[in-house]
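Q: Can you keep this structure in mind? I'll have questions shortly.
The values are calculated or read from the model by the stated rules, or taken from the named source; none is laboratory data. Remember, it's a predicted structure, so these values are computed and weren't measured experimentally. Don't worry about glycine lacking a Cβ; one is built from the backbone with ideal geometry, like all the others, and counts go over all protein chains shown.
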Amino acid sequence: MYKKIFKAIKKYDTIVIARHIGVDPDAMASEVGLRDTILNTFPQKKVYAVGAGGNKFAYLGKLDHYEENIQDALLIVLDTPDKKRVDCANIDQFAYKIKIDHHPYVETFCDMEYINDKSSSTCELIMEMIYSTHLQATKEIMEKLFLGLVSDTNRFMFSNSTSNTFGMVSKVLKDYQLDIPKLYSNLYMRPLQEVKLQGYMSQNMKITENGVGYIKITDDVLNSFQVDVASGGNLINNFNYIEEVLVWLAITEDKKNNIIKINIRSRGPIINTIAEKYNGGGHQLASGAKVTTMEEADCLIEDLDYACQKYLESLE
Ligand code: AMP
């Protein structure tokens, strides 16, 4: 499949690379890494990595604006299982569309799709593609891809870190001599205010009967800690391994956009199918959702509690 994708990349002079809305390090690093490796291999091509919100991951590179005739261009969608979450306009007008993703399958919307939901991250897939084709990487490109992979595995803690992941990382570390402590400081440095919010989240986590830990972060709380609306989500992975908690979620009021953003994680029960009922989705053990009222968020908590109950029963 990588060879087929490489052939398509070779064929088109203009290539736009997109990913999902609500950018995260894997989505951003995979699009920037793929753009840079294509440009490094084919300097005469026009290649654009697009989407909103990239500024907060400026250490992964800059995104582009494009004013091309997209009827002649190739679109590569990364890290996005469904069409409605692609952060790019008019995707059906492109000459040809390719999807590369590691989320569980949701729908087909591209001409060629490569999905490997056993892969840790889209960055791992891009690394694999580089090693399986004539795409030429540099140390800087591999640094970015490494950071995306590290972020999506939560520093190799999630079950998506397979022997394949470690094999790929080992190869990259050896071939490109990456400086891990230097790279981690970009990914994990955070303002003191966000750490203080983490304290608030621990103090205010409520736990349901069957082990759903949830924290409601209102607009007033965000303002009192002087943090932005993404902060609760940024901290969600830090609440793993709490004895009393199987599934945990941060419920953040986004007053400006009039929605409530929810980040969900699990140590066992499958959560993405539940998230899908609440305008969300994602991976089996790491999902997100969007609701408009706290009552809906409470219904989600109830559904998750029921999933925990069933999960606990299945272990008996
Ligand atoms: P997050 O909690 O934002 O880190 O997201 C965890 C996973 O869920 C990622 O794979 C996201 O792409 C996915 N996800 C987050 N929000 C949504 C949503 N509203 N709809 C579908 N998938 C989502």
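Q: Cβ contacts < 8 Å: first residue outside the structural domain of Gly282 (by TED's automatic domain parsing), restricted to segment 66-91; second residue within 11 Å of the ligand (Cβ to nearest atom) and in a helix (DSSP H, G or I), any location; separation 6+ or different chain. Result?
A: Leu78/Ala27; Leu78/Thr122; Asp79/Asp26; Asp79/Ala27; Asp79/Thr122; Thr80/Ala27
Q: Find the residue count for segment 4-33, including only residues that are within 15 Å of the chain's Cα centre (by Cα) and of a type outside the set (A, V, I, L, M, F, W, C).
A: 9
Q: Can you find even one residue in segment 306-313 that is within 20 Å of Asp79 (Cα to Cα) and not assigned by TED's automatic domain parsing to the domain that holds Ser120?
A: no
Q: I've got another one for you. Of (1) hydrophobic (A, V, I, L, M, F, W, C); (2) under 25 Å from Val23 (Cα atoms); (3) in contact with a Phe, Trp or Tyr (Cβ under 9 Å, 6 or more places away or on another chain), Cys299 satisfies all except one. Which?
A: (2)
Q: Out of the residues in segment 79-101 that are within 16 Å of Ile5 (Cβ to Cβ) and more than 9 Å from the ligand (Cβ to nearest atom), which is nearest to the chain's Cα centre (by Cα)?
A: Asp101
Q: Find all pairs meeting these conditions: Cβ atoms under 8 angstrom apart; at least six residues apart or on different chains; first residue within segment 231-245 and under 16 Å from Asn154 (Cβ atoms) and not assigned by TED's automatic domain parsing to the domain that holds Gly199; second residue of a type in the set (D, E, K, R) and more than 11 Å from the ligand (Cβ to nearest atom).
A: Listed by first residue and then by second, the contacts come to nothing, as the list is empty.
Q: Same structure, new question: When segment 106-123 is examined, which residues are found to be within 13 Å of the ligand (Cβ to nearest atom) and surrounded by fewer than 16 Cβ atoms within 10 Å (Cβ to Cβ)?
A: Within segment 106-123, Glu107, Asp117 qualify.
Q: From the list Met201, Met168, Met157, which residue is touching a residue at least 24 places away in the same chain (Cβ under 8 Å) and outside the structural domain of Leu145 (by TED's automatic domain parsing)?
A: So the residue among Met201, Met168, Met157 that is touching a residue at least 24 places away in the same chain (Cβ under 8 Å) and outside the structural domain of Leu145 (by TED's automatic domain parsing) is Met201.
Q: Which members of segment 146-185 meet the condition of being among the small types (Gly, Ala, Ser), buried (at least 22 other Cβ atoms within 10 Å of the Cβ) and farther than 17 Å from Leu285 by Cβ?
A: Result: Gly148, single match.
Q: Across segment 262-273, what is the total count of residues that are farther than 16 Å from Asn160 by Cα and buried (at least 22 other Cβ atoms within 10 Å of the Cβ)?
A: 3
Q: Considering only helices (runs of 4 or more DSSP H) fully contained in segment 200-316, which possess at least 1 residues that are over 23 Å from the mean Cα position of the chain (by Cα) and more than 15 Å from the ligand (Cβ to nearest atom)?
A: Passing ranges, in order: 219-225, 294-315.
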